[in-house]
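Student: Pasting a structure below so you can have a look.
The values are calculated or read from the model by the stated rules, or taken from the named source; none is laboratory data. Since the model is a prediction, treat every value here as computed from it, not as a measurement. So basically every Cβ, Gly included, is an ideal-geometry build from the backbone, and we count neighbours across all protein chains shown. Calculation scope for accessible area: heavy atoms of the full protein, side chains included, ligands and nucleic acids excluded. Shrake-Rupley method; radii C 1.70, N 1.55, O 1.52, S 1.80 Å.
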Amino acid sequence: MELSITTAEELKPHPEDSELTFGTFFTDYMFNMDYSIEDGWYNPRIEPYGPIVMPPSTMVLHYGQAVFEGLKAFRTDDNCIQLFRPKDNIHRLNKSSRALCIPEFDEEFALDAMKQLVEIEKDWVPKELGTSLYIRPTIIAMDPYIGLRASHTYRFFIILCPVGAYYAEGFNPIKIWVSKNHVRAVRGGVGDSKTAGNYAASLFAGEEAHKQGYTQVLWLDGVEQKHVEEVGSMNIFFVIDDELATPALTGSILPGITRDSVIALAKTWGMNVSERKISIDELIDAQNKGTLQEAFGTGTAAVISPVEEIKYSDNVLKIGGGKVGPLAEKLFKSLTDIQYGKAEDNEGWIEPI
Ligand code: COI
């Protein structure tokens with residue numbers, strides 16, 4: 001397949017690095033590719049960023065058949081641009097697609113197209129530490145049809161967004177609230193796929209958390225509502241009595257790429273790392289015993305986000321005295337040093353542009 005490129009007539013002004021928050025600025029170009037049953041994936045193209053015109057009957061608008069990814073490009077001190085673990089994101093996009101009956105695409109081709117797009121837009125990659133170019137590959141159902149079935153046509157697009165910190169708190173600790181009335185995902189569902197509906201389903205409880213003064217929701221499992229699963233936009237880790245523990249991937253948790261990177265780094269440091277069931281009662285107990293040393297979230301957008309408080313009914317678990325814990329600090333530094341090319345990439349996570 002040949003990738004065509006259409007040049008934009010006008011280019012947008014770039015924001016200052018200091019203006020960057022998350023998700024508000026978009027670059028000049030995007031990648032688009034279409035799918036039909038007859039042609040498979042066809043017409044891959046890089047063209048000016050612009051609207052996707054669709055009739056109101058378009059299936060994605062009704063049944064949410066949509067999957068997406070989030071990954072980042074970083075600018076190194078010597079002005080090179082590099083991607084962090086893009087193959088893993090591309091691979092997970094195909095895995096999410098399978099769960100939603102979306103046809104798979106050629107991963108090598110998609111990676112190459114993404115790299116070409118980032119190459120064209122390399123001037124948009126910000127410089128400041130803590131900033132990056134966020135890459136959002138997405139696939140949506142395009143049939144103009146409102147009966148319920150898998151669509152026969154799709155659009156795969158990639159947009160780029162220069163970003164700063166995801167949370168207003170930056171790297172400062174956040175407070176999270178445990179939802180007792182809602183669950184994010186259930187066994188046998190699509191909790192481990194990166195699909196739009198999972199995020200839509202999290203909004204109501206997220207609003208509830210905000211009203212109570214908390215940044216995000218900490219979800220419990222959908223069966224017993226006993227075991228911790230993940231936070232609104234991140235996976236979650238705890239340090240309990242010197243063990244680094246994170247919920248095991250039981251099928252209803254997103255297999256985060258930052259989560260995987262944190263596990264790998266901590267193992268190379270000889271830490272005791274477990275992926276296991278962690279009940280909310282265990283956390284309360286550890287807090288009472290004084291062994292709940294740290295909590296932090298991990299995600300592409302959030303990177304490492306320290307947690308200073310967890311609220312569950314009347315229990316308020318204060319962690320680390322409102323300070324960033326030593327492990328969260330070390331992981332943040334090690335991970336971002338690799339991402340910005342300041343440290344050796346021993347794991348083969350970096351893909352240069
Ligand atoms: C990411 O971390 O890349 C995500 O997709 C989470 C999203 C809520 C920003």
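Student: Calculate for the chain the 222 nm mean residue ellipticity that helices alone would give, adding -39,500 (n - 2.57) per DSSP H run of length 4 or more and normalising by residue count, nearest 500 deg cm²/dmol.
Tutor: So the calculated ellipticity at 222 nm is -7000 deg cm²/dmol.
Student: Helix 326-339 versus the longest principal axis of the chain: what is the Cα-based angle in degrees, 0 to 90, to the nearest 10?
Tutor: Approximately 20 degrees, to the nearest ten.
Student: Let me ask something additional. Once you charge only the Cβ atoms, +1 for Lys and Arg and -1 for Asp and Glu, what is the size of the charge dipole of the range 4-164 about its Cα centre, to the nearest 20 debye?
Tutor: For the range 4-164, the charge dipole is close to 620 debye.
Student: Something else about it: With just the Cα atoms defining each centre, how far is the range 93-128 from the range 6-79? Give it in Å.
Tutor: Measuring centre to centre over Cα atoms gives 10 Å.
Student: Restricted to Cα positions, what overall size does the chain have along the principal axes? Three whole-Å values, descending.
Tutor: Between the extreme Cα coordinates on each principal axis of the chain lie 62, 53, 35 Å.
Student: Which Cα, out of Ile338, Ser4, Ala328, lies furthest along the positive dipole direction of the chain (beta carbon charges, K/R +1, D/E -1)?
Tutor: The listed residue farthest towards the positive side: Ala328.
Student: Taking θ = phi - 60°, what integer Hz values does the Karplus form 6.51 cos²θ - 1.76 cosθ + 1.60 yield along the range 63-80, in sequence order, with x for Gly and Pro?
Tutor: 3J(HN,Hα) across the range 63-80, in whole Hz: 10, x, 6, 8, 10, 8, 9, x, 8, 9, 10, 10, 9, 8, 4, 8, 6, 8.
Student: Calculate log10 I(q)/I(0) of the range 299-342 for q = 0.26, 0.31, 0.32 Å⁻¹, where I(q) comes from the Debye formula with a single equal point scatterer on each Cα and nothing for solvent.
Tutor: -0.92, -1.06, -1.08
Student: Here's another thing I want to ask about it. Choose one of Ile46, Gly147, Ile350: the residue whose Cα lies farthest towards the positive end of the charge dipole of the chain (beta-carbon charges +1 Lys, Arg; -1 Asp, Glu; about the Cα centre).
Tutor: Gly147
Student: With every protein chain kept in place and ligands, DNA and RNA left out, what is the accessible area per residue of the chain? Probe 1.4 Å, answer in Å².
Tutor: 45 Å²
Student: What FRET efficiency do you get for Glu19 and Asn79 if R0 is 25 Å and r is their Cβ-Cβ distance, rounded to the nearest 0.05?
Tutor: 0.75
Student: How big is the charge dipole of the range 174-339 about its Cα centre, in debye rounded to the nearest 20, if each Lys and Arg gets +1 on its Cβ and each Asp and Glu gets -1 on its Cβ?
Tutor: Approximately 220 debye in magnitude.
Student: Right, here's the next one. Provide, as a two-decimal number, the C-alpha radius of gyration of the range 197-353 over 2.2 N^0.38 Å, N being how many residues it has.
Tutor: 1.04
Student: Sticking with this one: Under the 0.36 nm per residue contour assumption, what length would be gained going from the current alpha-carbon distance of Lys330 and Lys95 to full extension?
Tutor: 81.5 nm
Student: Kindly provide the pair-distance distribution of the range 4-164 built from C-alpha pairs, with 5 Å bins from 0 and whole-percent values in order of increasing distance.
Tutor: 2, 9, 18, 20, 20, 15, 10, 5, 2, 1, 0
Student: Zone of Glu347 (label point 7 Å along Cα→Cβ, backbone N under 18 Å): which residues in the range 89-118?
Tutor: Correct set: 89-93.
Student: Take the solvent-accessible surface of the protein heavy atoms, probe 1.4 Å, and return the percent of it on the range 285-332 that carbon and sulfur atoms account for.
Tutor: 46 percent
Student: Can you tell me how the range 98-227 classifies by the Cα gyration tensor, rounded, prolate or oblate, using a/c under 1.5 as the rounded cut?
Tutor: Judged from the Cα gyration tensor, the range 98-227 comes out oblate (a/c at least 1.5, b/c at or above a/b).
Student: Let me ask something else about it. Please name whichever of Leu265, Ala185, Leu283 sits farthest to the positive end of the charge dipole of the range 174-339, dipole taken about the Cα centre and charges placed at Cβ: Lys and Arg +1, Asp and Glu -1.
Tutor: The Cα lying farthest towards the positive end belongs to Ala185.
Student: Of the heavy-atom accessible surface of the range 1-94 (probe 1.4 angstrom), what whole percent is carbon and sulfur?
Tutor: 52 percent
Student: In terms of Cα to Cα distance under 20 Å, which lysines are near enough to Lys194, apart from those fewer than 8 places away along the same chain?
Tutor: Within the straight-line cut-off, Lys194 pairs with Lys72, Lys87, Lys95.
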